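Engineer: One structure is given below, represented as structure tokens, and several questions about it will come after.
The values are calculated or read from the model by the stated rules, or taken from the named source; none is laboratory data. Fair warning: this is a prediction, and the values are worked out from it, not measured in the lab. Don't worry about glycine lacking a Cβ; one is built from the backbone with ideal geometry, like all the others, and counts go over all protein chains shown.
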Amino acid sequence: MRRFIVNVTFFGLIGLGIFWFLTRPETLPETALDGLTADATHGKQVFYAAGCAACHTAPEAEAAEMPILSGGQTFPSPFGTFTAPNISSDPVQGIGNWSALDLANAMKHGTSPDGQHYYPAFPYTTYARASLQDIADLHAFLMTLPADATPSQPHVLGFPFNIRLSLGGWKWLFLDDTWVTQAPTPELERGRYLVEALGHCGECHTPRGPLGDTDFGAWLTGAPDPSGKGKVPDITPGALGWPAQELAYYFETGFTPEYDSAGGHMTHVIENLSQLPAEDRDAIAAYLTALP
């Protein structure tokens, strides 16, 4: 009996060690950004394409040329309520002390500067496809925005979702940086990048499995609203039915072909999309209208 207990303990420890190794927080090599020259001007376009202000400004904050990314917006889900953190340039409460590599590790691997797993409420499952040059440019732009000393608020999560260590297993199962669709033309390739890498449209418009994983087989076909009220719409061509030109106009103005206007959280998305070059909005529209 004693030998049995010793063997079970021994192999259990080996199993835990293997699990820890497979699910440890991943980071990029220290040299990953070597040779890249950051461009804050282009980083501003990445900022709008990635929708940073839509989540990280304070609740009810107005759109601004120099947004204050103090955080505080809450996002309910079946697993608890997540609160967007302060990502302003404040060196204590924000990310003012982060390097571009720190930001790249957060966006591509969901790993914090101190080596902790981030919850996928931060859409690193999408940002994982972003280019390192765009992330370096984004970091340069973020450092030009106002600092704010508002402390980040904790998430409100119950057991077992409050155990960050378990996120390593979740990432091992579901974090995937492969493209969802094919892109046979340069315009569709650009649209795919803006939708699948920066815009994180699928985070809201695609249904999820029981563990919060994206159902790529139902890409952009709509999903229950995480708040439990209503549904995020299907934006595939068969359901939406808008031509590319009307979609691009909607992204610029917020007005639909039925003379309605964007509402709810989509108003923040439109605020961001309207800042992009017209050819980027056209590329997103081309991507959406080319979906199955």
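Engineer: What pairs come out if I take residues in segment 155-172 that are in contact (Cβ under 8 Å) with a residue 12 or more places away in the chain and more than 10 Å from residue 117 (Cα to Cα) and pair them with residues that are among the hydrophobic types (A, V, I, L, M, F, W, C) and not in a helix (DSSP H, G or I) whose C-beta lies under 7 Å away, six or more apart or interchain?
Structural biologist: Partner pairs satisfying both residue conditions: 155/82; 157/79; 161/79; 170/211.
Engineer: A follow-up question, please. For segment 217-224, check the following and say yes or no: at least one residue is in a helix (DSSP H, G or I) and either in contact with an Asp or Glu (Cβ under 8 Å, 6 or more places away or on another chain) or at pLDDT below 90 (or both).
Structural biologist: no
Engineer: Take the conditions at pLDDT below 90 and assigned to a helix (DSSP H, G or I) and apply them to residue 283. Does it pass?
Structural biologist: Here the answer is no, as residue 283 does not meet what is asked.
Engineer: If residue 137 satisfies every condition in (1) farther than 22 Å from residue 212 by Cα; (2) in contact with a helix residue (DSSP H, G or I) (Cβ under 7 Å, 6 or more places away or on another chain); (3) surrounded by fewer than 23 Cβ atoms within 10 Å (Cβ to Cβ) but one, which is the exception?
Structural biologist: It fails just one condition, (3).
Engineer: Go through segment 237-278 and give me each residue that's in contact (Cβ under 8 Å) with a residue 60 or more places away in the chain and either not β-branched (Val, Ile, Thr) or not in a helix (DSSP H, G or I) (or both).
Structural biologist: Selection gives 265, 268, 271, 272, 273, 275, 276, 277.
Engineer: Could we say that residue 215 is over 21 Å from the mean Cα position of the chain (by Cα) and outside the structural domain of residue 170 (by TED's automatic domain parsing) here?
Structural biologist: No; evaluated as a whole, the condition is false for this residue.
Engineer: Considering every residue within segment 150-166, establish whether at least one is part of a helix (DSSP H, G or I) and at pLDDT 95 or above.
Structural biologist: So far as segment 150-166 goes, no, none of its residues is part of a helix (DSSP H, G or I) and at pLDDT 95 or above.
Engineer: Hey, does segment 225-238 have a residue that's outside the structural domain of residue 121 (by TED's automatic domain parsing), of a type outside the set (S, T, N, Q), crowded, with 16+ Cβ neighbours inside 10 Å and closer than 19 Å to residue 122 by Cα?
Structural biologist: Yes - at least one qualifying residue is present in segment 225-238.
Engineer: Also, I was wondering about something else. Are any residues in segment 225-236 touching a residue at least 24 places away in the same chain (Cβ under 8 Å) and either farther than 17 Å from residue 201 by Cα or part of a loop (DSSP other than H, G, I, E, B) (or both), and if so, which ones?
Structural biologist: Listed by number, the residues that qualify are 226, 227, 228, 233, 234, 235, 236.
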